[in-house]
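**Q** First the structure, then my questions, so here it is.
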Amino acid sequence: MNIVQVFFAILLIGPVLWGLINWNWYKGVSAPKGIVAFTSLINSAVLYALAYNLVFFLQELFLVLGKKALGLEAYLYHNNHTWEGEHPLMSLMQGSGALAIFLIGLICLIIYRFIANSPSNWKLLILWLAFHGLVQSLPQVTVAYLAPETDLGEALVGYLNLSQPLLIALAIMCILTIPMINIWFSRLLLEFASRDDDLNNPRARFKYIQFIAVGAAFLGSILVIPFRVPPISQAITPLFVFVVSIPWIWSSANVAKHIKHTPNRINEKIYWTPIVLLILLLIFFQLVLAPGVKF
């Protein structure tokens, strides 16, 4: 096992150990009543699934546009892309998708900072878009080191020919960045809690984050699967995103000393517009993108 694999194992095991420490610290604290929020779970799950699919679509779109810019004939599918032709920069353009969604994640995060106090429920979609832009792109650097035949691997290894020490450093840096990002997102998601919830109680924080983030992301990942199959092997991708990120959001729920409530109605009722949009997006994926779109 090399050093990158060790750090990746820490990425997976870290929040589990942290969760056990939290359980030991707060086992004497009573869980408050009234924080059970299935409405926030469903609303957040639908927006999570929307954000996941939009970010993944944008990644594939920019991969195709990168090939098109080189004069190649490219085809966009619901979970992949293909192309015809050859070009010296073709391998480099294999990294255009990951770069694009990373930048989109940063842009959405900046947008969210400006709309954080808006009462609109769509700001949670912007937050999940920022999350997926970053969390779907950063692990690809580590995967590129472990599997150079992947899209980003072809760009970093096949074209740029980065040295092994530099690839290892980039892979470890991205692994370390993922927990830090998710610790920050944990605080931002807690801000959606009702003003009446006592978030000074650590058990209240963990209870709310189980609905707005953990349960919502798990349900949202299941909702994503119909967008990804066939083939069935593509179903593992949303679960991978969940495993490397959401446990850190859960285990770090009590890191922030003070949580500021932001205006929203996520916890009040189920909103049908995002559900309808998700259904329409699924129809678009399966009827338009599944056969392939030529660029």
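**Q** Of the residues in region 242-287, how many are among the aliphatic types (A, V, I, L, M), closer than 25 Å to Val64 by Cβ and modelled with pLDDT under 95?
**A** Number of matching residues: 1.
**Q** Here's something else I'd like to know. Collect the residues in region 74-102 that are exposed (fewer than 15 other Cβ atoms within 10 Å of the Cβ) and farther than 26 Å from Pro230 by Cβ, keeping them in residue-number order.
**A** Result: Gly85, Glu86, His87, Pro88, Leu89.
**Q** Moving on. Only one of (1) in a helix (DSSP H, G or I); (2) out of contact with any strand residue (DSSP E or B) (no Cβ under 8 Å at 6 or more places or on another chain); (3) hydrophobic (A, V, I, L, M, F, W, C) fails for Val29. Which number is that?
**A** (1)
**Q** On the basis of being touching an Asp or Glu at 6+ places or on another chain (Cβ under 6 Å), in contact (Cβ under 8 Å) with a residue 12 or more places away in the chain and closer than 26 Å to Phe218 by Cα, does Ile42 make the cut?
**A** Answer is no for this residue.
**Q** Find all pairs meeting these conditions: Cβ atoms under 7 angstrom apart; at least six residues apart or on different chains; first residue within region 176-205 and closer than 24 Å to Ile111 by Cβ; second residue among the aromatic types (Phe, Trp, Tyr) and in a helix (DSSP H, G or I).
**A** These pairs meet every condition: Pro179/Trp248; Asn182/Trp248; Ile183/Trp248; Phe185/Phe131; Leu190/Tyr208; Ala193/Tyr208.
**Q** Would you check if there is a residue in region 113-127 being at pLDDT 90 or above, surrounded by 15 or more Cβ atoms within 10 Å (Cβ to Cβ), over 28 Å from Ala235 (Cβ atoms) and aliphatic (A, V, I, L, M)?
**A** Checking region 113-127: at least one residue is at pLDDT 90 or above, surrounded by 15 or more Cβ atoms within 10 Å (Cβ to Cβ), over 28 Å from Ala235 (Cβ atoms) and aliphatic (A, V, I, L, M).
**Q** So how many residues does region 17-30 have that are among the hydrophobic types (A, V, I, L, M, F, W, C), surrounded by 12 or more Cβ atoms within 10 Å (Cβ to Cβ) and under 30 Å from Leu223 (Cα atoms)?
**A** Selection size over region 17-30: 1.
**Q** Just to be sure I understand the filter: pairs with C-beta atoms under 8 Å, separated by 6 or more residues or on different chains, first member in region 8-36 and more than 12 Å from Trp248 (Cβ to Cβ), second member exposed (fewer than 12 other Cβ atoms within 10 Å of the Cβ). Which pairs pass?
**A** If the second residue must be exposed (fewer than 12 other Cβ atoms within 10 Å of the Cβ), the pairs left are Ala9/Met1; Gly34/Asp196.
The values are calculated or read from the model by the stated rules, or taken from the named source; none is laboratory data. Given the structure is predicted, the values throughout are model-derived calculations rather than measurements. Note: ideal-geometry Cβ built from the backbone for every residue, glycine included; neighbour counts use all protein chains shown.
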